[in-house]
Amino acid sequence: MKARYPVASTASTSFAAEIIDRIEVLGAISEADGMLTRRYLTAEHRRANDAVRGWMEAAGMAVREDAVGNIIGRYEGAEPGAAALMVGSHVDTVIDGGKYDGTLGVLSGIACVAAFNEAGQRFPFAIEVVGFGDEDGARFQSTFLGSRAIAGTFDHTILTRLDGDGISVAEAMAAFGLDTGAIDGAAYGRENVLAYLELHIEQGPVLEQQGLAVGVVTAIAGATRLSVTVTGEAGHAGTVPMALRRDALAAASECVLAVELAASSGTDMVGTVGKLAVEPGALNVVPGRVSFTIDFRAARDDDRNAGLAALRDTIDQIAVRRSVEIVTEVVHEAGSVQCASHLMAQISGAIEACGHPVLHLPSGAGHDAMAMADLTDVGMIFVRCKGGISHHPQESVTDKDAGDAAQVLCHVIENFALDEEA
């Protein structure tokens, strides 16, 4: 990669201290003592947005909050009004989550802009750093409301959805000081955005196992979630002969192993049974009904669909052989997102320029980049996290890795080239 501008910083330590200090500040903004919970449109979300606003302004950005609560800082290019390279992630958390998920990407973007501003660097494009709201969906069981609004794909029917206290999304927005009538105005036109970059912790163990601080994301896995019900016949554990049983749990157990087998049949594919309920649930009764979930993901939709088709065939065979009824229902489906090849190339070049080996890997978790892909090309940088742990208080990133990742992001931004220029 031929640099068109001097790298704003050759030492990642100049980024690390500030980013980690701010991670701690945001990590202390929580709805509950002793844990980190910061849900969308809460008072804690407001406090987080206000803190991010202050840091954006100090970095030289003009800051605004849009109609869904995204906090957006703009660093103008050499010519005012230029299209923007967007950088960001989210500021909300899961319940009892970790400090780095989402916020590391937002704070890294701010740190890069601060370095450019201090060096007096301006580019042929603007830089916009976005702190999205509602990526994790912990309050309304929704996802990507902030990024979907910017991408122009916001679903207005979600406004009537209630949280656990009976408060609707629309009511929460009003209490937050937002105008639901202005949501459509939050959308960007394609001509206004050059690309979207997201720096995020890996949330998995691959980088750590490879001994690498950063990686290039190739794709964000598509996911299908199924609700499965197995209906057999309950009976006395002592009197129903084995050959005459219609044991729903035995059938479900075979299905669970079938999920594992199907997910192991392809590359970059995973399958999980995370919930299982047995009825009647008595020690001395043959289970008559079992319900469970399947979460099936793959980096490519063709692989996911093929794996699911094979799994459904196996489940049908289990039902016939065990004389039970098995009903599957799709409760969620999202297609995979492929990261743009020109952005992957630029991220790879930046990683090399910053002195790191390059590893390409898919993301099994969802990110705001999935929604932003409906608007523009997306690219992602993964950062090593200890043990691959995420969505948990033990989520951890070293100061050095945080600084190294921010330096890579900085290098990508200052040497950014459009697809036709790359």
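Computed quantities for the displayed model
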item: Unique match (being surrounded by fewer than 17 Cβ atoms within 10 Å (Cβ to Cβ) and out of contact with any strand residue (DSSP E or B) (no Cβ under 8 Å at 6 or more places or on another chain)) among A115, A170, A138, A149; result: A170
item: Test: residue in segment 214-232 that is loosely packed, with under 15 Cβ neighbours inside 10 Å and in contact (Cβ under 8 Å) with a residue 24 or more places away in the chain; result: no
item: Segment 265-291: number of residues that are under 17 Å from R246 (Cβ atoms) and either of a type in the set (K, R) or crowded, with 17+ Cβ neighbours inside 10 Å (or both); result: 7
item: Residue in segment 164-182 that is over 28 Å from L145 (Cβ atoms) and of a type outside the set (A, V, I, L, M, F, W, C) present; result: no
item: Hey, V397 of a type in the set (A, V, I, L, M, F, W, C) and either crowded, with 16+ Cβ neighbours inside 10 Å or in contact with a helix residue (DSSP H, G or I) (Cβ under 7 Å, 6 or more places away or on another chain) (or both) or not; result: yes
item: Identity of the residue in segment 140-175, outside any helix (DSSP H, G or I) and acidic (D, E), that ends up nearest to L41 (Cα to Cα); result: D163
item: Only one of A243, A250, A182 that is in the same structural domain as L375 (by TED's automatic domain parsing), surrounded by fewer than 20 Cβ atoms within 10 Å (Cβ to Cβ), part of a helix (DSSP H, G or I) and hydrophobic (A, V, I, L, M, F, W, C); result: A182
item: From E208, E198, residue being within 16 Å of the chain's Cα centre (by Cα), at pLDDT 95 or above and closer than 21 Å to A299 by Cα; result: E198
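Conditions (1) buried (at least 17 other Cβ atoms within 10 Å of the Cβ); (2) farther than 22 Å from P205 by Cβ; (3) among the basic types (K, R); (4) modelled with pLDDT under 95, marked per residue:
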residue: V358; (1), (2), (3), (4): no, no, no, no
residue: A365; (1), (2), (3), (4): yes, no, no, yes
residue: M372; (1), (2), (3), (4): yes, yes, no, no
residue: V378; (1), (2), (3), (4): yes, yes, no, no
residue: I381; (1), (2), (3), (4): yes, no, no, no
residue: R384; (1), (2), (3), (4): yes, no, yes, no
residue: S390; (1), (2), (3), (4): yes, no, no, yes
residue: A402; (1), (2), (3), (4): yes, no, no, no
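The values are calculated or read from the model by the stated rules, or taken from the named source; none is laboratory data. Bear in mind that the values here come from a model prediction, so they are computed numbers and not experimental data. So basically every Cβ, Gly included, is an ideal-geometry build from the backbone, and we count neighbours across all protein chains shown.
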